[in-house]
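The structure under discussion appears below in the form of structure tokens.
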Amino acid sequence: MTAFLQAFAIIVGTEGGFTRNGLDPGNWDSGKCGVGQCKGTKFGISSAAYPALNIALLTLEQAQEIYHKDYWSKIGADDLPPELGLLAFDSAVNNGAVQAVRWLQTSAGAAIDGAMGPVTLAKVRALVKKDGLDAVCAEYLAQRLMFMAGLPTWRTFGLGWARRLCRLPYQARTMTETT
């Protein structure tokens, strides 16, 4: 099984099925609570990110295509160690691909532009070689946690997000190298 399919199974298992929570800005097609239509979220695909999509009718196969094209590929996850790829992929799904790459860049000491390119990848690989994968993953998650704890929705959703972030390193250990 490819790293993408392994990561997709983990994240979809965490994201779950259809929800329509009016307190979650991602459930609104405008990205703001109470503004526009509350169309919900399904398989982690939000109406804020995809306002023209009928979220309630989204299939798992459609979600997989979106995840691969708009998240996995944009963060260059195929070029990362599978464990770090999972962490960055989960971040891209929850916080956007640009932000996920920024955390990689911050962790690796690369210029922060939100675009995954050869310089960022080289710096990430060098840091993994120097400090070890566990240290890089821990720094990445720390960067993400600090960001998320500062969000105005942390009071409402923070405990669930913290659980998710704490679970990720254990899930990352299940990732296997693929050819």
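The table for this structure:
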item	result
Cβ-Cβ under 6 Å pairs, at least 6 apart or on other chains, the range 141-160 side farther than 20 Å from Gln105 by Cβ, far side assigned to a loop (DSSP other than H, G, I, E, B)	Thr156/Leu23
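Residue by residue, here is whether (1) part of a loop (DSSP other than H, G, I, E, B); (2) of a type in the set (A, V, I, L, M); (3) in contact with a Lys or Arg (Cβ under 7 Å, 6 or more places away or on another chain) holds:
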position	(1), (2), (3)
Gly17	yes, no, yes
Leu23	yes, yes, no
Gly26	no, no, no
Ser30	yes, no, no
Cys33	yes, no, no
Gly36	yes, no, no
Pro51	yes, no, no
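Every number here is computed from the coordinates shown, using simple stated rules; none is lab data. Just so we're clear, the structure is a prediction, and the values are computed from it rather than from any experiment. So basically every Cβ, Gly included, is an ideal-geometry build from the backbone, and we count neighbours across all protein chains shown.
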